[in-house]
Each structure stands twice: as structure tokens, then as C-alpha cells.
Amino acid sequence: YMTGPNVWFDGIPSVSFHVAREAAKFKGMRRLAVSAKGGERPDLEVEAVAGLDEAGQRVQIMAYSFSNVLQATGLTRVRITVQVPPAWRGQVATLTRRQVDDRVNWFPQWRKDRKALGIGDDRFSWSPDDPAVLGKCGLRCAEDRVKFQETLQPSYREMSRLKPEVRSVTLQSDRPVEVDLELQVNSVAFLELRLAPASMSRGRPIRFASP
């Protein structure tokens, strides 16, 4: 979903949109063996899935930390272990991380802002919790829609933008790929490994933790 008026193509992406778009990159891939270990808290579900593209040049990984408690917060340390093809061992790769968590979720800020602007729950055609604010079931009043588009939407657009972290890494020659992450509770990390050109200089070890 996006904010609309065409909720599939227009406006600001929701976290659901980001997850769906990144997950779609697994299409046509061959599944790889992967494990996710960590999460000191027993209330968390920590898992991962990985795949290799048909050309054998790209590995896609999705890792997540989930709690049934909606208000759960905090960080959890996770180690992702992926069984890449033997030909990848000892190679240099480019690692890109795209993080989907509260930092790209503009909706809580919208709830605060609309209350400050006097936009109550009764100003919506359907549900005030629908992210399609400008869709058919969103804001009813033209004045409220203008406030959203002109005053709030530009900052929300920047807030919702995924900010990829890219680095060069050297894969170990004697063991599977291991990636250490810190994940917010109820968040998803999408990792992409691409084999670098042979001319690229050796990169850093792949073991790292997010800032």
C-alpha cells in the first residue's frame, strides 16, 4: 500500500510495501540453506530465508525478528549463516543491506501530526489506520487532503525512503558466509550479496554489526 490516490503506484510507501517489494526479488531463485541464531529474548521469533539467482551471481537474504507483542521494543543480535556455492568461497562480494523497521515507518508520526492539526478520526471515510490516506477510503475533506499533501507528505517521503548500506566484503574460503546483525524487534533486514568484478580489490571480512 501507498498513500494514494492510486494506492498501488502513488504517494508514500508503507512498511508493508517495502517488505513486499524486497521479497519479490526472490522470484525465480533457488533456495539456499540458511540459519538465523540469536535473539536472547525467548519471546522473539528470529528466522531467515535465502536464495541464489539463476545466473549464480546474486544471493538474496531476508532475516527478521518478530514478537507477538505489538508494543515490543529493543534490539536483538542475530547471526545469519548461509551455505553459498563452493565457487563463491574466498571471493570478493558487494553486500547491500536494506532495513525495514520503525525508522522508515512514517505512520506513527502522521498520527501525532494529524492530532496537532485537528484532524480527528471522524474525518476519514473508512479507517484512520489505513495508510492510503489519499485513497477513496482516506481523508474526506479537501482541506485536510491539502494539509497532508503540502505540509506533511514531503517529510514523510524522506522518512520512508530505504537507505541502503553498501560495503565490499571478502567471503571466507573455509566456511559458510556469516553475517552478524542487530535487528530491532518486529523488523526485517534484506541483504543482497553480489560477486564483485575480478578487478576489485579485496574487501573487508563479512562479519559486521549494524550501527
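Which one, V78, S35, Q91, is farthest towards the positive end of the dipole of the stretch 1-123 when Lys and Arg carry +1 and Asp and Glu -1 on their Cβ?
Selected residue: Q91.
How much area per residue is accessible in the chain when the probe is 1.4 Å and only protein heavy atoms are counted (Å²)?
Per residue, the chain has an accessible area of 54 Å².
Under the Karplus relation 6.51 cos²θ - 1.76 cosθ + 1.60, θ = phi - 60°, what is the ordered set of whole-Hz ³J(HN,Hα) values for the stretch 122-128, x standing for Gly and Pro?
Listing the rounded values in order: 6, 8, 10, 5, 10, 10, x Hz.
May I ask you to evaluate 6.51 cos²θ - 1.76 cosθ + 1.60, the Karplus curve with θ = phi - 60°, for each residue of the stretch 95-101 and list the ³J(HN,Hα) values in order in whole Hz, giving x for glycine and proline?
10, 10, 10, 10, 9, 10, 8
Kindly state, to the nearest 0.05, the FRET efficiency for E150 paired with T73, given R0 = 35 Å and r defined as their beta-carbon distance. It would help to have the intermediate numbers written out before the result.
Values: r = 33 Å, r/R0 = 0.93.
The computed FRET efficiency comes out at 0.60.
Among rounded, prolate and oblate, which fits the stretch 85-146 when a ≥ b ≥ c are the square roots of the eigenvalues of its C-alpha gyration tensor, a/c under 1.5 means rounded, and a/b larger than b/c means prolate?
Prolate, since a/c reaches 1.5 and a/b exceeds b/c.
If we count every other residue with Cβ under 11 angstrom of K25's Cβ, Lys/Arg +1 and Asp/Glu -1, where does the sum land?
Overall, the nearby charge balance is +1.
I'd like the distance separating the alpha-carbon centroids of the stretch 113-167 and the stretch 49-74, in whole Å.
Centre-to-centre (Cα) distance: 28 Å.
Excluding residues fewer than 8 places away in the same chain, name every one of the aspartates and glutamates whose C-alpha is closer than 19 Å to that of K25.
Qualifying aspartates and glutamates at Cα under 19 Å: E47, D53, E54, D101, E165, E192.
Alpha carbons only, please: Rg and Dmax for the chain, in angstrom.
20.1, 63
Tally Lys/Arg at +1 and Asp/Glu at -1 over every other residue whose Cβ is under 15 Å from the Cβ of L70; what's the total?
Overall, the nearby charge balance is -4.
What are the ³J(HN,Hα) values, in whole Hz, obtained from phi via the Karplus relation 6.51 cos²θ - 1.76 cosθ + 1.60 with θ = phi - 60°, for each residue of the stretch 156-171 in sequence order, with x given for Gly and Pro?
Karplus values, whole Hz, x for Gly and Pro: 5, 4, 5, 4, 7, 6, 5, 10, x, 9, 10, 8, 8, 9, 9, 6.
Which order do you get for K115, K147 if you rank them by accessible area with a 1.4 Å probe, largest at the top?
K115, K147
Only helical DSSP H runs with n ≥ 4 go in: add -39500 (n - 2.57) per run for the chain, normalise by residue count and round the 222 nm mean residue ellipticity to 500 deg cm²/dmol.
That comes out to -4000 deg cm²/dmol.
Compute the Cα gyration tensor for the stretch 6-105, then decide on rounded, prolate or oblate, letting a ≥ b ≥ c be the square roots of its eigenvalues: rounded whenever a/c is under 1.5, prolate when a/b is larger than b/c in the other cases, and oblate in all that remain.
oblate
Just subtract the alpha-carbon distance of M159 and D129 from 0.36 nm times their residue separation and send over the number in nm, one decimal.
9.0 nm
Please list, or write none, the lysines whose alpha carbon is within less than 23 Å of the alpha carbon of K115, excluding same-chain residues fewer than 8 places away.
The qualifying lysines are K136, K147.
Bin width 10 Å, alpha-carbon pairs only: give the P(r) of the stretch 138-191 as whole percents, running from 0 to the bin holding the largest distance.
All Cα pairs, binned at 10 Å, distribute as 16, 28, 22, 18, 10, 6, 1 percent.
What is the dipole size for the chain, taken about its Cα centre, with +1 at each Lys and Arg Cβ and -1 at each Asp and Glu Cβ, in debye to the nearest 20? List each step's numbers first, then the result.
On the way: 32 positive and 25 negative charges, 129 e Å.
So the dipole magnitude of the chain works out to roughly 620 debye.
Can you pull the accessible area of M62 for me, 1.4 Å probe, Å² to the nearest 10?
Estimated to the nearest 10 Å², M62 gives 40 Å².
The values are calculated or read from the model by the stated rules, or taken from the named source; none is laboratory data. Only a predicted model underlies this, so the values are computations on that prediction, with no experimental measurement involved. Glycine also receives a Cβ, built like all others from the backbone with ideal geometry; neighbour counts cover every protein chain displayed. Quick note on the areas: whole protein, heavy atoms, side chains included, nothing else; ligands and nucleic acids left out. Shrake-Rupley method; radii C 1.70, N 1.55, O 1.52, S 1.80 Å.
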